[in-house]
Amino acid sequence: MKSLYTILIAASLSFVGCSSDDKNDSGGSEPEVPTSVELKLSDPNATAETKALYSNLWRIQEKGTMFGHHDDLLYGRNWMTQAGRSDIKEVCGDYPAVFSVDFAEIMDDRSTTSTLNNDRARVIKEARERGEVITACCHLNNPLTGGDSWDNSKNTVAKEILTEGSATNIKFNSWLDKLAVFANNLKDKNGKVIPIVFRPFHEHTQTWSWWGSGATTQEEFISLWKYTIDYLKNKKQVHSFIYAISPQLDSQGTADSFLFRWPGDNYVDFIGWDSYHGTNTTAFSTNLRNLATLSQQKLKPCGVTETGVEGIVKNGAPYDTYWTNEISVPLTGKKVSMVVMWRNKYDPLHEGTHFYAPFEGHSSAANFKLLYASPNMIFSKKLPDMYTMAANTTVK
């Protein structure tokens, strides 16, 4: 039986939703979800657990939206690599439903010096043990110049990667080899490989990365995307990845905005979206509706794979009602599987403001508890069994 507190919170959120800008979305028409559905993964040899997770990413959109946080289990605002800790859990008493992590230091030249890779494996296994969903991006260094992922000084990186036998091709392949070893050895307590929603080359629609629109042609990017997926699944036998594309779109767009540089339906499993729209709630709401519509049209689950406002502010002041106003309300009624906030940088002296989620003592913590109580937001304890095939759903 629901507590009176939960009922009152749900009622208050319903009132906020009716009075918000999002009321204009009530007339939007999304295709009805069929009773039975057949989905298709880009990897026909995906493991049973990967197919099961995919089925549930689709079905959970009918129930609500999973809340996620990048690096939430690895470090927080005031702590680093302490087992069992989470800024989100310390605010609301529950872990995020989605744990986002970065695979770059596992793959590129930092793999020999990184001090966090063992902990990355550990926390992924802990999240899986609780039944949570794991997603991974990769801010890969530039394999041609040796710079970081934001080094777009050369427009020949993708071309060199795609040139068989070139030094850059050999290096990039070695990075994929390391990822394959990591992924294929990442197993749960039953010895089953842990599925990952993997989103390589994220925010490919912007200009600042070496794989972005400022340094690659559309043809080069699509070829790079296909090369990477084919190499992992065919040559390295990685069958635990659900491949997510994640364009960045901050201003109001259309459904077609998510298809810029689209590699093709056979090479995308999950339609992600990185949104740093600030507090432009109208743009966020409209784009959410378009994303959900595209998801239904293509029979591919979707989600907001990165979002948030650095420091959780509005007009330079603390935004203590951010969570209900900007996250819960716009997502209500949208068939979107997840919303993932960017990271809380480890900063125990609080010298900066690089955090996107609340932590214990933050002024928005009380409002975050309202988000947690919202009927449409799903955290770890409310997750169904994400690793058993969903009813009325088949995955090829």
Residue count for segment 307-321, restricted to those that are over 20 Å from the mean Cα position of the chain (by Cα) and not in a loop (DSSP other than H, G, I, E, B): 4
Count - residues of segment 102-121 that are open to solvent by less than 10 Å² (accessible area, probe 1.4 Å) and either polar (S, T, N, Q) or touching a Pro at 6+ places or on another chain (Cβ under 6 Å) (or both): 0
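Okay, residues lined up against (1) farther than 19 Å from S337 by Cα; (2) without any contact (Cβ under 8 Å) to a residue 40 or more places away in the chain; (3) within 17 Å of the chain's Cα centre (by Cα):
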site: Y54; (1), (2), (3): no, no, yes
site: T81; (1), (2), (3): yes, yes, no
site: S86; (1), (2), (3): yes, yes, no
site: Y95; (1), (2), (3): no, no, yes
site: E105; (1), (2), (3): yes, yes, no
site: D108; (1), (2), (3): yes, no, no
site: S111; (1), (2), (3): yes, no, no
Within segment 325-361, how many residues are within 20 Å of the chain's Cα centre (by Cα) and hydroxyl-bearing (S, T, Y)? 4
Unique match (being farther than 30 Å from A48 by Cα and touching a helix residue (DSSP H, G or I) at 6+ places or on another chain (Cβ under 9 Å)) among F284, F379: F284
If I filter segment 57-79 for residues that are touching an Asp or Glu at 6+ places or on another chain (Cβ under 9 Å), at pLDDT 95 or above and among the basic types (K, R), do I get at least one hit? yes
Scan segment 362-384 for residues that are more than 19 Å from the chain's Cα centre (by Cα) and in a loop (DSSP other than H, G, I, E, B) and jot them down. H362, S363, S364, S374, P375
Qualifying positions in segment 343-363 - open to solvent by 30 Å² or more (accessible area, probe 1.4 Å) and either modelled with pLDDT under 95 or touching an Asp or Glu at 6+ places or on another chain (Cβ under 8 Å) (or both): R343, T353, H354, E360, S363
Residues of segment 160-176 that turn out to be in contact (Cβ under 8 Å) with a residue 60 or more places away in the chain and within 13 Å of N142 (Cα to Cα), as a count: 2
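Please determine, by comparing only the residues of segment 322-342 that are outside any loop (DSSP other than H, G, I, E, B) and of a type in the set (A, V, I, L, M, F, W, C), which one is surrounded by the most Cβ atoms within 10 Å (Cβ to Cβ).
So, considering only residues that are outside any loop (DSSP other than H, G, I, E, B) and of a type in the set (A, V, I, L, M, F, W, C), the one surrounded by the most Cβ atoms within 10 Å (Cβ to Cβ) is V340.
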Close pairs from segment 360-383: first closer than 15 Å to D72 by Cβ, partner in a helix (DSSP H, G or I) and open to solvent by 50 Å² or more (accessible area, probe 1.4 Å), Cβ under 6 Å, at least 6 apart: E360/E90
Filter segment 207-248 down to the residues that are on the phi > 0 side of the Ramachandran plot and open to solvent by less than 40 Å² (accessible area, probe 1.4 Å) and list them by number. none
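The values are calculated or read from the model by the stated rules, or taken from the named source; none is laboratory data. Note that the coordinates shown come from a computational prediction; the quantities given were computed from them, not determined experimentally. All Cβ positions, glycine included, derive from the backbone under ideal geometry; neighbour counts span all protein chains shown. Side chains are part of the model used for accessible areas, which takes the heavy atoms of the whole protein and leaves out ligands, DNA and RNA. Shrake-Rupley method; radii C 1.70, N 1.55, O 1.52, S 1.80 Å.
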